[in-house]
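Written below as structure tokens is the structure these notes are about.
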Amino acid sequence: MLDQAEAAMATRDWAVVTEVSDAVLVADPDNEDAKTFLAMAERVGGTNSPLTPVPEQSTPETTPPKSDASTPTSFASGRYEVSKFLGEGGKKRVYLAHDTLLDREVAFALIKTEGFDDTSRERITREAQAMGRLGTHPNIVTVFDLGTEGDSPFMVTELMAGGDIEGVLEEADENRLSLDKTIEIG
């Protein structure tokens, strides 16, 4: 069923994403992918699931994405409109963005350039090209685009459902994962 939700996300049919996610959550209330799909449908599509209370504040259509001074509103001359900041690691800052050209949600990774030289830039390009040659596989993130924003390289990839491990740990009993869940993630 989640394949149906993913297909509906690709066409931005948020009503179907909501309906399918709700159906999955009825059978499996702890399904993280369904929760993520439902949250995205509510945030981007402006629909509310009958299983999820309607927030008391204004709807997503009238509330601009939360950002602070360090969160840009777009990249690549406006092609990628930033919806929200997803996270940061040692080498990149990742944003949920909407590709306005291809009309799809993507992960936009802005590579940090501290200590970068030409060799580092070439390495990033080679890594992205290698990922692109791997083709489509459920356990490999597909690279959609590669470029530069100012002096910083960026990579645009498919948006992976399921959230991050930090969020999974926060929701787990005593912030610890069961062995089965650890194996599933691994």
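Table: residues versus (1) touching a His at 6+ places or on another chain (Cβ under 9 Å); (2) modelled with pLDDT under 65; (3) open to solvent by 40 Å² or more (accessible area, probe 1.4 Å); (4) under 20 Å from G150 (Cα atoms).
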{"residue": "L25", "(1), (2), (3), (4)": "no, no, no, no"}
{"residue": "D30", "(1), (2), (3), (4)": "no, no, yes, no"}
{"residue": "A41", "(1), (2), (3), (4)": "no, no, no, no"}
{"residue": "G45", "(1), (2), (3), (4)": "no, yes, no, no"}
{"residue": "P50", "(1), (2), (3), (4)": "no, yes, yes, no"}
{"residue": "P60", "(1), (2), (3), (4)": "no, yes, yes, no"}
{"residue": "P65", "(1), (2), (3), (4)": "no, yes, yes, no"}
{"residue": "S70", "(1), (2), (3), (4)": "no, no, yes, yes"}
{"residue": "E88", "(1), (2), (3), (4)": "no, no, yes, yes"}
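Any residue at all in segment 148-159 that's among the hydroxyl-bearing types (S, T, Y) and either within 28 Å of A41 (Cβ to Cβ) or modelled with pLDDT under 85 (or both)? Scanning segment 148-159, I find at least one residue that is among the hydroxyl-bearing types (S, T, Y) and either within 28 Å of A41 (Cβ to Cβ) or modelled with pLDDT under 85 (or both), so the answer is yes. For segment 135-144, state whether one or more residues are more than 19 Å from the chain's Cα centre (by Cα) and farther than 30 Å from W14 by Cβ. No: zero hits.
Residues in segment 108-124 that are within 26 Å of the chain's Cα centre (by Cα) and exposed (fewer than 10 other Cβ atoms within 10 Å of the Cβ): E114 only.
Looking only at residues in segment 154-184 that are β-branched (V, I, T) and open to solvent by 80 Å² or more (accessible area, probe 1.4 Å), the one that is farthest from the chain's Cα centre (by Cα) is I183. Hey, could you check segment 73-92 for residues that are in a strand (DSSP E or B) and among the polar types (S, T, N, Q) and say which is nearest to the chain's Cα centre (by Cα)? Out of the qualifying residues, it is S83. Take the residues in segment 125-147 that are among the small types (G, A, S) and in contact (Cβ under 8 Å) with a residue 24 or more places away in the chain; name whichever of them is surrounded by the fewest Cβ atoms within 10 Å (Cβ to Cβ). Here the residue is G147.
The values are calculated or read from the model by the stated rules, or taken from the named source; none is laboratory data. Only a predicted model underlies this, so the values are computations on that prediction, with no experimental measurement involved. No Cβ is skipped: glycine too gets one built from the backbone with ideal geometry, and neighbour counts run over all protein chains shown. These accessible areas exclude ligands, DNA and RNA; they are computed on the full protein's heavy atoms, side chains included. Shrake-Rupley method; radii C 1.70, N 1.55, O 1.52, S 1.80 Å.
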